[in-house]
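So the structure is just underneath, and the comments pick up after that.
The values are calculated or read from the model by the stated rules, or taken from the named source; none is laboratory data. Since this is a predicted model, take the numbers as computed values, not measurements. We place every Cβ from the backbone using ideal geometry, glycine too, and count neighbours over all the protein chains shown. Accessible surface is based on the protein model in full, side chains and every heavy atom, while ligands, DNA and RNA are left aside. Shrake-Rupley method; radii C 1.70, N 1.55, O 1.52, S 1.80 Å.
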Amino acid sequence: RSRGELTPRLPGAPSAITIDAIARVVAVVTPASPTIQTYDLRSMLPIATRRLPAPVLLLRSSPTSSLLAAATVDSTILVLDLANGDAASPVARTLKGHPHHRVTAVEFNASGRFVISAGTDLTMRVWDVVSGSLAAEIRTESSVVAMLVPTMGGVVLTAHAGEM
């Protein structure tokens, strides 16, 4: 097959994309869509369409499991299990901690045990994925616009609005 034949047909340009920990599944969302479409990375054939309560802004995969974190337009972070959740009820955890503020970044920590989120409320929040509880809250001086958690762990790299 040519490369073009392996490219999935989407209803619009992707607004977020992520690949699972074992490079087998790719998840894609399009702007203003409350659905996540998953594809088999080898064949690029659709696996499932998961409908969510709100459109998705950001997607991140766990580095250690089939979990996926999706930040939505209603300031919620949804944790989905791509291996065990079904398309009808895909949400494993709902994390609410940036009320009335946009979630600007979301990442899993290196072990996959925690989700770290940042928002326009000038906070970063650390969530325990197993319990769904808030483990820590960190105040920032400016909005975090991007975040990276290296696989070595122990550190979170952030980029802030108006700063390089």
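Shape annotation for segment 100-164: C-alpha extents along the principal axes are 33, 28, 15 Å, from largest to smallest. Across the options LEU45, VAL126, THR94, the greatest Cα extent toward the positive end of the charge dipole of the chain (unit charges at beta carbon of Lys, Arg, Asp, Glu) belongs to LEU45. Suppose we look only past 23 Å in the calculated P(r) of segment 60-154. What percent of the Cα-Cα pairs does that tail hold? Result: 18 percent of Cα pairs exceed 23 Å. Largest accessible area first, the listed residues HIS101, HIS160 line up as HIS101, HIS160 when surface is computed with a 1.4 Å probe on the assembled protein chains. Each of the peptides 128-141, 33-46 was scored by the mean count of other Cβ atoms within 10 Å over its residues; in descending order, highest first, they stand as 33-46, 128-141.
In segment 14-53, one over the average inverse separation of all distinct C-alpha pairs is 10.3 Å, which is the Kirkwood hydrodynamic radius. For the chain, the spread of Cα coordinates along the three principal axes comes to 50, 32, 31 Å, biggest extent given first. Its Cα centre serving as origin, the chain has a Cβ charge dipole (Lys and Arg +1, Asp and Glu -1) of approximately 400 debye. Can you pull the percent of Cα pairs in segment 67-122 with separation above 14 Å? I get 52 percent for the Cα pairs in segment 67-122 exceeding 14 Å. Here the relative contact order of segment 75-164, from alpha carbon pairs under 8 Å that lie six or more residues apart, stands at 21 percent.
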